Every structure is written in C-alpha cells, then in structure tokens.
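A short write-up of the structure that comes next.
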Amino acid sequence: MSRVAWIGLGNIGKALCENLARYGPISTPVTAWNRTHSAAEELAARVENIDAVASLTDAVNSSDIICVCLSDDAAVDAVFSSIIGQASVAGKLFVDLSTIHPDTASAQAERLQRLGAEYVGSPIFGGVPLAKARQVTLVLAGSSHAISKFRPFTTGVTCGQLICLSDKPCANAFMLKLLGNFIRFSAIATLAEADAFSEVVGLPPEALEQFVRVVLQGAAVGQLQGLRSGEYHKADKPSVPIALWNKESSHLVDIASKSGARLDVLSTVAGQGDRVKESYGPAASLLTIFGLIREQCGLPFEA
Ligand SMILES: NC(=O)c1ccc[n+]([C@@H]2O[C@H](COP(=O)([O-])OP(=O)(O)OC[C@H]3O[C@@H](n4cnc5c(N)ncnc54)[C@H](OP(=O)(O)O)[C@@H]3O)[C@@H](O)[C@H]2O)c1
C-alpha cells in the first residue's frame, strides 16, 4: 500500500488531510508537513493516523504519494524547489491540489518528470464545509498511470465527485478550475445585480426568488440565499475570501491577454473583485460584491 504525505495544512488542506487519514486506504499514518509546524502538531494530536514531521525532506523521502495543497503559485514554486533540491523524488507521485496558474503547474510537472517523478493536477471545486463533508469535486489531469495511483484516495475519501481528464496535460485541470470559478463568480455577480435592481424598480423579493427556484434551480438557489443572508457584512470569518477570486481572475486575465482573446464579462467581474479587495481588504467575503453593487444602484451597502 502507498505511503502518503500531505504538504500544506491551511483551511482546506487540513480538512482533506484529515479525511485521507480517517477514510483512506492506508496501512501507515499520513505524514503531514506544514510551514508553520504547530498546525501539523495540532492535527496529529486531534486525528489518528497522522504523523506530524518538521522536515519537508523527511515527509517526501518517507512517502510514495505526496499531496500538495498550498496558497498560491509562489508557495507551490518555493515548496517544489525545496523538494527538488533536497529530497529524492524518482518514482514518486506528486498530486497538486492548489489553485495555481496552468503554466506554474506545467513547470512543476516538467521539472519533476525530468527527475523520474510523476505529477497530477488536482484542483478543488467547493469550499471548506464541503471538504469536511467529503463532498468537494476534484479535477484530475495527468497520465492515466499516475491518476490510477491516486484514485483510491479520491471518491468517498477526500471528495464526492471527480472530473477525470486522463492522459491530458496537467495544465488542463487548472484551466478548468479557473474557468469553472469564473462561471460561478459571474453568476453570483449577475444575481447580485438582478436582486439589487429588483429592489430599485420595486419588484417584490419573492418574485426573483421564485424565478430562481423554479426556472434556474441548482446552485443559483443557494447563491441568491447566500447574498440575501447578509453573510458578507455579518460573518467575522467569511467562508470564501475575495483574495481567492482575485488570484484566479488575475490568472485568467493573464491567459486571455497572452492568447489575444477579448473577454468582456471577465474584465467586469475581475474589476468588481479588485474593488472589493481595495475597499474591504483581501479577507473580505467574496459576497461583498453584493454590497458594492447595491451601492452602485443607490441602495444601502447592507441588504
Ligand atoms: N479555502 C477554500 O475554500 C478553497 C476552495 C478551493 C480551492 N482552494 C485552494 O486550495 C489551496 C489552499 O487553500 P487554503 O484555503 O487551505 O489556504 P490557506 O488557508 O491560506 O493555507 C495556505 C497554506 O499554504 C501554506 N503556505 C503559504 N505560503 C507558503 C510557502 N511559501 N511555503 C510553504 N507553505 C506555504 C500555508 O502555510 P502556513 O500555515 O505556514 O501559513 C498554508 O498551509 C489554495 O490554492 C486555494 O486557492 C481553497
């Protein structure tokens, strides 16, 4: 059975690592490493089958499959540089669950493959509550051989659903992650604008609510409820900070500009995300977009 390491115990990494240790097909404890070691120690103290290690090199050297879940491109680049400089990687599989630029993923895959290691891109759709409930969706891209090694640790263990892009470049998984969240954020911004404008023109709130429930259905129902719940001005710690969208939109804007494509909706929603960060800081809720749109419609910030 494979020995597994988990690198990066932030908000979502911690939840996935815990589920891997609780429900994964493992015969030895998951080796957990985090830059701030106390997070690994706290997790190991709370959850069985997790060994906290202080050395990244030890975590990699003692494992066959190494899952990486880090904040951004700079963190991923720094951690892989350190691993490649100090650990033995030949024959190992690296699974990257971070949300990063597709070019960053391709660069890591190339440097690892040159050393005889494999790399699978595996970004996550869904937030921390879904991760805790093992209901996130993972997108897997890489060689089918590498994906088959990681599959036993996916559905029912760390995730509810898989989008599997077998034998496709790892960059495809990260591109889909960016495009998927672009669709989701644009939908939220559109609902926010429709709801604010309904109020301006005197359409009763239940009219839009019924349209969303009866005609749109699905995710839109929860998105409208989320906006109207006032989470963006009530919660001390928002579930999804705007910084996550800022990172993703800047990657998409970069890819669009390099490919010469003009994407008007992307320009609008990227700008809205930037304005939330400028006015309320990177930790503000992603749903703060609703407050900004309400103000642009001449309504109070708070719904
Ligand atoms: N949170 C979500 O709802 C969500 C949903 C889908 C996808 N994602 C993606 O999943 C990834 C992790 O998200 P998260 O919410 O767990 O992030 P987070 O809470 O901000 O945690 C970031 C992690 O990266 C580590 N890190 C940052 N810079 C580092 C560096 N230079 N060297 C080594 N480690 C470094 C942090 O270590 P320290 O503890 O030492 O700071 C921490 O373990 C991100 O790419 C995010 O976009 C998140």
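Could you say which residue among Q108, Q161 is surrounded by fewer than 23 Cβ atoms within 10 Å (Cβ to Cβ) and more than 12 Å from the ligand (Cβ to nearest atom)?
Q161
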Is it the case that L178 is of a type in the set (A, V, I, L, M), modelled with pLDDT of 95 or more and within 13 Å of the ligand (Cβ to nearest atom)?
yes
Please indicate, with yes or no, whether at least one residue in the range 66-76 is at pLDDT 95 or above and more than 18 Å from the chain's Cα centre (by Cα).
no
Set G24, G91: member being within 23 Å of R151 (Cβ to Cβ) and out of contact with any helix residue (DSSP H, G or I) (no Cβ under 8 Å at 6 or more places or on another chain):
G91
Strands (runs of 3 or more DSSP E) lying entirely in the range 33-99 (those with 2 or more residues that are within 13 Å of the ligand (Cβ to nearest atom) and closer than 25 Å to L140 by Cβ)
65-68, 93-96
Picking from V157, V120, the residue that is at negative phi, assigned to a loop (DSSP other than H, G, I, E, B) and touching a Phe, Trp or Tyr at 6+ places or on another chain (Cβ under 7 Å) would be V157
The correct count of residues that are within 21 Å of the chain's Cα centre (by Cα) and surrounded by fewer than 13 Cβ atoms within 10 Å (Cβ to Cβ) in the range 221-234 is 1
Can I147 be described as within 16 Å of the ligand (Cβ to nearest atom) and either modelled with pLDDT of 95 or more or crowded, with 18+ Cβ neighbours inside 10 Å (or both)?
no
Answer from S143, S186 - the residue that is touching a residue at least 24 places away in the same chain (Cβ under 8 Å) and under 22 Å from L130 (Cα atoms):
S186
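Residues checked against (1) within 15 Å of the ligand (Cβ to nearest atom); (2) in contact with a helix residue (DSSP H, G or I) (Cβ under 9 Å, 6 or more places away or on another chain):
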{"position": "V215", "(1), (2)": "no, no"}
{"position": "A220", "(1), (2)": "no, yes"}
{"position": "Q225", "(1), (2)": "no, yes"}
{"position": "H233", "(1), (2)": "no, yes"}
{"position": "S239", "(1), (2)": "yes, yes"}
{"position": "S249", "(1), (2)": "yes, yes"}
{"position": "L252", "(1), (2)": "yes, yes"}
{"position": "R262", "(1), (2)": "no, yes"}
Looking only at the range 1-32, count every residue that is surrounded by fewer than 19 Cβ atoms within 10 Å (Cβ to Cβ) and in a helix (DSSP H, G or I) and tell me the total.
3
Given the conditions (1) more than 15 Å from the ligand (Cβ to nearest atom); (2) modelled with pLDDT of 95 or more, every one holds for M1 apart from (2)
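The values are calculated or read from the model by the stated rules, or taken from the named source; none is laboratory data. These numbers were taken from a predicted model, which means no experiment stands behind them. Because the Cβ atoms are built from the backbone with ideal geometry, glycine has one as well, and the counts that use them run over all protein chains shown.
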